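Values in this text are rule-based calculations from the coordinates and carry no lab data. Computed from a predicted structure; not experimentally measured. Every residue, glycine as well, gets a Cβ built from its backbone with ideal geometry; the counts of neighbours run over all protein chains shown.
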Amino acid sequence: MDNQPIIYEKRNQTAWIYLNCPNDMNAISKALLLAFQEAIDRAEADEDIRVVVVSGKGKAFCAGANLKELMDDLETKHSKEPSLLELSEGLFGKLEKLRKPLIAALNGITLAGGLEIAMTADFIIASDKAKIGDAHANFGVLPGAGGAVKLPRKIGVNRAKYLLFTGEFISAADMKAYGLVQEVVSAEELETTVQTIADRISEKSPLVLRKMKELVTDGLEQPVEIALKQELLALKAHTRSYDMAEGLAAFTEKRKPVFEGY
């Protein structure tokens, strides 16, 4: 397991996916990307999994792309093997389309592609030891998975430009003040805190969680009046679901609901 680029663990109804290349600061390599995609597919397919957590082993969450592999791709442009960028596109597509709640648990350094992975999560919990930034400009590289597009939407245009242009990385506490990080806890408490949150979410209807995630994502890209109509239509359709009937029955009977996801 120590030699695997990704470690997959199931705890209660949560899938923990660890980036496991600590000697390379969990840099994004082709091997890691392939294993990461397999882990996402596994979590999505497992009906017992209701929450997915992504974290890292060692001192880093992820310090970005493996620049050596990126350079090798540039030198072998006509290779039939998929490039690092092509595999990255596949991974980010899966992360963006994941229907289950996704939590990023930032254990340490989170830069460039690592920040872009974190920004695919529904929310972020960070260790007080985490340092977060873009850093693409430090190596003459452009972001390709949301660094220049998502970061301004999450922390504001001026703050994002500052981090993008300077390549500086800042504390998790500062990122919490900017709104990117929801909670900052001690390194020792990170996994326990995240698991407690994941367990709380797992008690909710997976059908509701899936549809809520979809409504939020789609609603941000549409005029408010259209998004509101879609939300109302979703509610009308949801009134025929088992989970809504179960939730209302449990409320009436003063018991804890048992949701099935349909």
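General observations
- Farthest positive-ward along the chain dipole, Cα basis, beta-carbon charges - from S127, S88, L74: S127
- DSSP bridge pairs, the chain: antiparallel proportion in percent, nearest 5: 30
- Overall form of the range 74-123 per C-alpha gyration tensor (a/c, 1.5; a/b vs b/c): oblate
- Euclidean distance between Cα centres, the range 132-175 to the range 79-103, Å: 20
- Net dipole in debye of the range 111-262 [+1 Lys, Arg Cβ; -1 Asp, Glu Cβ; about Cα centre; nearest 20]: 360
- 3J(HN,Hα) along the range 130-137: 6, 10, 10, x, 8, 6, 4, 5 Hz, from the Karplus curve 6.51 cos²θ - 1.76 cosθ + 1.60 with θ = phi - 60°, whole Hz, x for Gly and Pro.
- A simple spin-label model places pseudo-atoms 7 Å from Cα toward Cβ; at A173 and I226 they are separated by 4.3 nm.
- Total charge dipole magnitude, the range 1-100, about the Cα centre, Cβ charges on Lys, Arg, Asp, Glu only, Debye to nearest 20: 340
- Note on Y262 and T76: with the Förster distance fixed at 45 Å, the Cβ-Cβ geometry gives a FRET efficiency of about 0.40.
- Relative exposure of R50, R210, R11, R255, judged by other C-beta atoms within 10 Å (fewest first): R255, R11, R210, R50
- Normalising the average separation of contacting C-alpha pairs (under 8 angstrom, six or more residues apart) by the number of residues puts the relative contact order of the range 132-262 at 18 percent.
- Look at Y262, Y178, Y18 and count the other Cβ atoms within 10 Å of each Cβ; fewest to most, that gives Y262, Y178, Y18.
- Normalised by the number of residues in the chain, the average gap of Cα pairs under 8 Å and 6 or more apart makes the relative contact order 15 percent.
- Sorted by Cβ density within 10 Å, fewest first, the residues M25, M71: M71, M25
- Cα-based shape type of the range 206-253, given that a ≥ b ≥ c are square roots of the gyration tensor eigenvalues and the cut on a/c is 1.5: prolate
- Entry for Cα Rg over 2.2 N^0.38 Å (calculated from the structure that is shown) out of [x] 1.06; [y] 0.99; [z] 0.92: [x]
- Each Lys and Arg adds +1 at its Cβ and each Asp and Glu adds -1 at its Cβ; summed about the Cα centre, the chain shows a dipole of about 620 debye.
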